[in-house]
1. Output yes when any residue across region 89-112 is under 16 Å from the mean Cα position of the chain (by Cα), in a helix (DSSP H, G or I) and within 20 Å of Leu35 (Cβ to Cβ), and no when none is.
2. For residues that are open to solvent by less than 30 Å² (accessible area, probe 1.4 Å), among the polar types (S, T, N, Q) and under 13 Å from Leu102 (Cβ atoms), tally how many sit in region 143-176.
3. Suppose we filter Ser81, Ser140, Ser111, Ser86 for residues that are of a type in the set (Ser, Thr, Tyr) and either buried (at least 23 other Cβ atoms within 10 Å of the Cβ) or at pLDDT below 95 (or both); which single one remains?
4. When residues of region 44-59 are filtered for being open to solvent by 30 Å² or more (accessible area, probe 1.4 Å) and within 24 Å of Val159 (Cβ to Cβ), how many remain?
5. When both residues are 6+ apart or on different chains and their Cβ atoms are under 9 Å apart, which pairs have a first residue that lies in region 56-77 and is within 21 Å of Val40 (Cα to Cα), and a second that is of a type in the set (Lys, Arg) and part of a loop (DSSP other than H, G, I, E, B)?
6. Those residues that are at pLDDT below 95 and either assigned to a loop (DSSP other than H, G, I, E, B) or not hydroxyl-bearing (Ser, Thr, Tyr) (or both), I need them from region 143-170; list them, please.
7. Within the bounds of region 179-186, is there any residue that is open to solvent by less than 60 Å² (accessible area, probe 1.4 Å), on the phi < 0 side of the Ramachandran plot and in contact with a helix residue (DSSP H, G or I) (Cβ under 6 Å, 6 or more places away or on another chain)?
8. Does region 125-137 include one or more residues that are closer than 18 Å to Ser47 by Cβ, out of contact with any strand residue (DSSP E or B) (no Cβ under 7 Å at 6 or more places or on another chain) and not in a loop (DSSP other than H, G, I, E, B)?
Amino acid sequence: MNAYAIPRGPSRPRMAVGISGASGVVYGLRLLELLRELGVETHVTVSRAALLTMMHETDLKLSDIEARADVLYRSDDVAASISSGSFRTMGMIVAPCSMKTLAEIAQGVTSGLISRAAEVTLKERRRLVLLARETPLTESHLKNMLAVTRMGGIIAPPVPAFYARPAGIDAMVDQTLGRVLDLFDLDCAGVRRWVKAP
């Protein structure tokens, strides 16, 4: 897909999406589907490690991500639209977010487009949500999470909500992503919300 493609309409909201190499590539893939259903234009970059993870966790290929994205950028494309603050977006979601990507964002080391776009999101005071995916956590992981939080980012580990009584993995993924989209005031129909019984 051409990185310089003309957007479908000037009024469509845009979201930057990064898919890094942590386990859980399904979160990024499903996120793209949900954003499309909500009418949000997606500008996506995928790390090389994410492609390896996808090969192990699914039967999908990069072309399957391209089919779900409005615009797909190479992970080393420093001229990508999302690498500039003048390109307006609602914010950015990294799903999943590896500890390497988290560390780059926390320390301001932009070795690739995901961390560069995340840095741009923070400097423009837009919402940045990282689905940090690792366990157990080391002290450096926790320090990096705190650093990103202090900069205005949101750490949202993909933790299943069992009160929703998910029927399977797909339901767990949708519940988690629905709560992430809540952070952008995007209402995902599949979210089961807590209501205290009378």
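1. Within region 89-112 (the criterion being under 16 Å from the mean Cα position of the chain (by Cα), in a helix (DSSP H, G or I) and within 20 Å of Leu35 (Cβ to Cβ)), the answer is yes, since at least one residue qualifies.
2. Of the residues in region 143-176, 1 are open to solvent by less than 30 Å² (accessible area, probe 1.4 Å), among the polar types (S, T, N, Q) and under 13 Å from Leu102 (Cβ atoms).
3. The unique qualifying residue is Ser111.
4. Result for region 44-59: 4.
5. Asp70/Arg8; Asp70/Arg12
6. Of everything in region 143-170, those that are at pLDDT below 95 and either assigned to a loop (DSSP other than H, G, I, E, B) or not hydroxyl-bearing (Ser, Thr, Tyr) (or both) turn out to be Val159, Pro160, Ala161, Phe162, Ala164, Arg165, Pro166, Ala167, Gly168, Ile169, Asp170.
7. No - not one qualifying residue is present in region 179-186.
8. No: zero hits.
The values are calculated or read from the model by the stated rules, or taken from the named source; none is laboratory data. Since the structure is predicted, the reported quantities are computational estimates derived from the model, not experimental observations. A quick note on method: Cβ atoms are made from the backbone with ideal geometry, for glycine too, and the neighbour counts reach across all protein chains shown. Accessible surface is based on the protein model in full, side chains and every heavy atom, while ligands, DNA and RNA are left aside. Shrake-Rupley method; radii C 1.70, N 1.55, O 1.52, S 1.80 Å.
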